[in-house]
Each structure stands twice: as structure tokens, then as C-alpha cells.
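Read the figures in this text as sums done on the coordinates, not as results from a lab. These numbers were taken from a predicted model, which means no experiment stands behind them. Neighbour counts run over all protein chains shown; Cβ positions are idealised from the backbone, glycine included.
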Amino acid sequence: MPTLYESLGGQAAVDAAVDIFYRKMLADERVARFFEAVDMDRQAAKQKAFLTMVFGGPANYTGKDMTRAHSHLLRDGLNDTHVDIVIAHLGATLGELGVAQGLIAQVAAIAESVRDDILGRRGAGA
Amino acid sequence: MAELRYRGTVVQRGEDETVLDALERAGVAPPSSCRAGACQSCLLRARAGTPPADAQRGVRESLRLRGYFLACRARPDGDLELDDGDEDRQVEAEIVELGHLSDDVLGVRLMPRRAFEHRAGQYVTLRRHDGPSRSYSIASLPEAGALELHVRVVPGGAMSGWLAHTARVGDTVSLQGPAGDCFYLQDRPTQDLLLAGTGTGAAPLLGILRDALRHGHRGQVVVVHGARTHAGLYLEQAFSSLARAHANVRYHRAVLAGEPSDGVTVGPLDAVLSDLVPVPKDWGIVLCGDPGVVHAARRRVFLAGAAMADIRADAFVPTAAAPGLA
Ligand SMILES: Cc1cc2nc3c(=O)[nH]c(=O)nc-3n(C[C@H](O)[C@H](O)[C@H](O)COP(=O)(O)OP(=O)(O)OC[C@H]3O[C@@H](n4cnc5c(N)ncnc54)[C@H](O)[C@@H]3O)c2cc1C
Ligand code: HEM
Ligand code: FES
């Protein structure tokens, strides 16, 4: 059975989704500020890392890495609502690319599974 | 905790320190300028140990594979044994021409003593002997032999001040590079191009325009040069005459203060760009010059539909002070 990543189309699917997804984030003033500080070159690479991970692709992040990557955003007020918004944009992006609803749900579930890491509610000191 | 060895000194990298910070603290600082990964002045080689991938972004592949990385971006977790890299990475170059292009912009021509492969629009890092290291973009085509650079004279500037007041034709500097991906892509002869920049950001744009024309580019080329006032539009003649000679080239000027007139718009560059090319989908876009303007323009064209892969930019990030030297 193909993996989720393979079903979505692998690296090519990540490449196709990254601009659409990132444009949605920058255009949404509820979350855009979190991305403003990061220069766009680097940010594009991070967006790819994000998509590869939630597509079930070859990413080797631990929950602790996710906590660390977002800890400075927590100080700027990152909360559950922002995670909801990101997951919604992710779904809309995949919808635009014609991805089947069942696969979109699987992607959303992976994103959901790191929510507590992103928001610093798991692991040491949380 | 990572241990760094460089020029016979051993230093432990502190919690939030970059390799550059740690080496400076130990008194063995390599050259540096922007401290933001933009100028490549701080390029070092890891002879042993693995430099972080993040610190190798933008470094040419041939160098990356040999362990070169940017000290100002590196926060390695493992030990590194460092050096300045091969001797032949630096090329001596002679100043063969030095003059004013406007009140505050110098035109400098440098003749490398050895072959120095480069593309118009890329940037090189200039090093004064025993002095500072600064990056400048190339306005000339490789066939010209000497590299043409446009240097804005910054009050108190270590490199630009030296070039303006002390350097003479016949003096030498060393060149490192080239780096950067702001150059003409020969495999897209019909793509529409938007070349925009502020101040001496016009230098790489002129280089790219020359390269596009030499290759008989068939798509349209829209050049937009922004400056605070009209006096800053130091390439008006060069761009105007290229636009007159080529039907597919348009030249626009944007100033922040002054009177609008034919071909001159008053307003910030990013706003002017979106008036000129409202939907830059499928356009090839190059943005150079002031970091704030480059950032705003890049964001604007991306949101308006340009693909990230079609936007290339060099922010002319100025020299930053080292931490602790307020
Ligand atoms: C990729 C890249 C390409 C570049 N290409 C060019 C080019 O083609 N032409 C060109 O003229 N410059 C270019 N620059 C900028 C150049 O590298 C130097 O930063 C600039 O010439 C100033 O160097 P300096 O030694 O004269 O002044 P410094 O000694 O570095 O600066 C003196 C003081 O002025 C401040 N300062 C300098 N510039 C500015 C500024 N713009 N805004 C605010 N403060 C400033 C510094 O922070 C410092 O306090 C480029 C930079 C980069 C990163
Ligand atoms: C929904 C689950 C999420 C996942 C799986 C996720 C995943 C990632 C990944 C893999 C990276 C790259 C880390 C690195 O290599 O450094 C990253 C970085 C980043 N994420 Fe998330 N993320 C999520 C939610 C969010 C949310 C809700 C926001 C803000 C609204 C956000 C903002 C950022 C920013 C700004 C960065 C770059 C940080 C930096 O380098 O400065 N993320 N994320
Ligand atoms: S790239 Fe490190 S100092 Fe400029």
C-alpha cells in the first residue's frame, strides 16, 4: 500500500502546494505577523519542511524540535486558534489542488498530532 | 557544547552564540559585515566536523560540498575545526578605473589577475589588504574583462570611504565569490522580466539587462529604479538609451519625494511595481537594494501571484555591529 506521502504525489506535491499555502498564510492578517520576521528565502524552506512533515514524508523532527521551533512564537501569543487557522489553510490548499477529502483528513490529523508540541503543552517544563 | 578550533585558538561556543560571535569573543575574528547571511564575507571552511545546513544556504555548491559555510549563521551542536579555506578562493584584482557616476556613487572597474568566472548581476566580496570585507554587485558582462561595480559613498564607510578618498588606480584588492542568483536565465528567452531596485541596486539590474539584450531576450523587460529623490537616479541615461534602442524594454523611475512627471512616479517602490505589473504571474522578478524595500516588494509581488521560485533578490544589508559593541 502506498504511504500517504506517495498518495499525495511526494516532493512534487510539496512543491505544488508550497506557494499556494504560503500565500494564504501571508494574506491572512490573523497569522501573517508570525511569518513577517522570517526572511522569505528561509521561510520558503521552512514551509516545505512543514508540508513534507504533514504529508507524512521524510521528515525527522521530534516533538521536542517542534516545541523549540515555535517557542519564540508562543511568546508572541501563538495559541490554539492559530493552529486551527493553519490547519484550515492547509486543507483549502489541498482542496484547490484537487486532493481527495480522505487524504486531506489524514494530513489534518498529522498536523493535529503535534498541536500540543507546537503550543508547548508537552514535555519538560510544560 | 561545541568546541571550535581556528587559527590555533580553541573556544567553546556559548548557548546563543554563532560561530562568528564565539570567534570574535576569542579574539580571532574572521572578516564579516552583514551578520545576516547576505554578504558571504564570513565564509569559513570546516576541515573537520559538519557545519549546520542552515549556515550553508546560498553558498555555491562546489564550496558547500567542501565544508564551507557562513560563520554568522552557524550555531553548530558538534565540534568544528575551522580554517579560511584554500588560498585560491581569493583572487587579486587591480583597480583599473575609479570615478564618480553621480555625486555619491562611484564607478569602479576591477581587473582580476586570474580568470574569475561570474555572471552579470551576481555579487563579489571585496577585501582590502588587512582591512574590511564588503560585497558589491556586478554591472558588467563577463566579456568586458574588468568587473564594473557601483559603490554608494557612505559617510564614514570603511570600504566606500577608502575607495572615494584613498584608493588609486593601480591599487589592488582581493576578490572572493561570485555569489548570488540574481542573473539572467538563458533558458527563458520569452519570459517577461521585472527588474526593480533602489539606489545602487540598479547596478545588478543594469548587468542583467545587458545580459538579457546580448542574448536577444524576446519577452518584455520592465526596469524600475527607485531613489529618495531624482538625484539618486544615477543611471537615467544608461537605462533610457537602452529602452530607446529596444522596443521590448521599458524604464520607469520612482522617487519618494519630488514632482511626478513623464516616466517618474512618486511613491514607494512596491506600490509602483504593483501599478506597473498588477498580476506578475509567470514573470521573472529580480529585486535589489535597500533591504526594507526588497522585503516589501518581494512580499507584494508574491501575494500578487508571482511564484516564489521566479523571484530572486539581493538585499544590500549594511554592516551590523558585533554584539556587545553598542
Ligand atoms: C549582497 C550584497 C550586495 C551589495 N551590493 C552593493 C552594491 O552593488 N553597491 C553598493 O554601493 N553597496 C552594495 N552593498 C552594500 C555594501 O556591501 C556595503 O555595506 C556598503 O558599501 C557600506 O560599506 P562601507 O564599508 O562603505 O561602510 P561601513 O563601514 O560598513 O558602514 C559605516 C556605517 O554606516 C552604516 N551604514 C552603511 N550603509 C548603510 C545603509 N545603507 N543604511 C544604514 N546604515 C548604513 C553602517 O552600519 C556603519 O555604521 C551590498 C551588500 C550586500 C549584502
Ligand atoms: C499545525 C501544526 C504545525 C506544524 C506541523 C508545524 C511545523 C513546522 C516545521 C516543520 C517548521 C520548520 C522547523 C525548522 O526546520 O526550523 C516550522 C517552522 C515555523 N512555523 Fe510551524 N508548524 C505548525 C503550526 C504553526 C503555526 C500555527 C504557526 C503560526 C501561525 C507556525 C509558524 C511557524 C513559523 C513562523 C516557523 C519558522 C520559525 C523560524 O524559523 O523562525 N507554525 N513549523
Ligand atoms: S554573510 Fe556572514 S557576515 Fe555577511
### Query
For chain B, modelled as a Gaussian network with Cα springs under 10 Å, which listed residue fluctuates most, B:Leu126, B:Leu256, B:Leu269?
B:Leu256
### Query
Listing B:Ser62, B:Ser102 from the residue with the fewest other Cβ atoms within 10 Å to the one with the most, what is the order?
B:Ser62, B:Ser102
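Across the residues of A:39-46, average count of Cβ atoms on other protein chains within 10 Å? Please report the intermediate quantities before stating the final value.
On the way: counts 10, 8, 10, 4, 1, 4, 3, 0.
What the average comes to for A:39-46 is 5.
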### Query
Where in chain B are the DSSP H helices whose alpha-carbon span along the long axis reaches 27 Å or more and whose Kyte-Doolittle mean is at least -1.0?
none
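Averaged over peptide B:303-314, how many Cβ atoms belonging to another chain are found within 10 Å of each residue's Cβ? Display every interim value, and only then the final one.
On the way: counts 5, 1, 2, 2, 3, 10, 4, 1, 3, 1, 3, 0.
Across the residues of B:303-314, the mean count of other-chain Cβ atoms within 10 Å is 3.
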### Message
Explain nothing, just the number: dipole magnitude of the protein assembly as shown about its Cα centre with +1 on each Lys and Arg Cβ and -1 on each Asp and Glu Cβ, in debye rounded to the nearest 20.
### Response
180
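Within the protein assembly as shown, how many lysine pairs that are 8 or more places apart, or on different chains, have C-alpha atoms less than 20 Å apart? Don't skip to the end; give the middle numbers.
Working: A:Lys24/A:Lys46; A:Lys24/A:Lys48; A:Lys24/B:Lys281; A:Lys46/A:Lys64; A:Lys48/A:Lys64.
Within the protein assembly as shown, the lysine pair count is 5.
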## Note on the structure
chain A, Gaussian network, Cα under 10 Å: of A:Phe55, A:Phe35, A:Phe21, the residue fluctuating most is A:Phe35
### Message
Using a 10 Å cut-off around each Cβ, can you sort B:Cys42, B:Cys34 from fewest to most neighbouring Cβ atoms?
### Response
B:Cys34, B:Cys42
### Query
In whole Å, how far is the Cα centre of segment A:3-82 from that of segment B:264-306?
24
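When DSSP beta bridges are limited to those with both residues in segment B:3-83, what percentage is antiparallel, rounded to the nearest 5?
Values: 10 of 13 bridges.
That works out to approximately 75 percent antiparallel.
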### Message
Run through segment A:1-68 and list the GluC sites (Glu not before Pro) located in a DSSP loop whose Cβ has at most 11 other Cβ atoms within 10 Å.
### Response
A:Glu29
### Message
Projecting each Cα onto the charge dipole of chain B (Lys/Arg +1, Asp/Glu -1 at the beta carbon, about the Cα centre), which of B:Leu23, B:Gly197, B:Pro52 comes out farthest on the positive side?
### Response
B:Gly197
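Just the number, please: percent antiparallel of the DSSP beta bridges in chain B, rounded to the nearest 5. Before the final figure, lay out the partial values.
Details: 40 of 69 bridges.
Here the share of antiparallel DSSP bridges comes out near 60 percent.
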### Task
Using Cα centres only, tell me the gap between segment B:59-77 and segment B:141-201 in whole Å.
23
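Other chains' Cβ within 10 Å of B:262-271 residues: what's the mean?
Counting Cβ atoms of other protein chains within 10 Å of each residue's Cβ and averaging gives 0.
Considering only the protein assembly as shown, what is the antiparallel percent among its DSSP beta bridges, to the nearest 5? Please list the in-between numbers first.
On the way: 40 of 69 bridges.
Beta bridges within the protein assembly as shown, antiparallel portion: roughly 60 percent.
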### Message
Running a GNM on chain B with Cα contacts under 10 Å, which residue among B:His100, B:His225, B:His217 ends up with the highest mean-square fluctuation?
### Response
B:His100
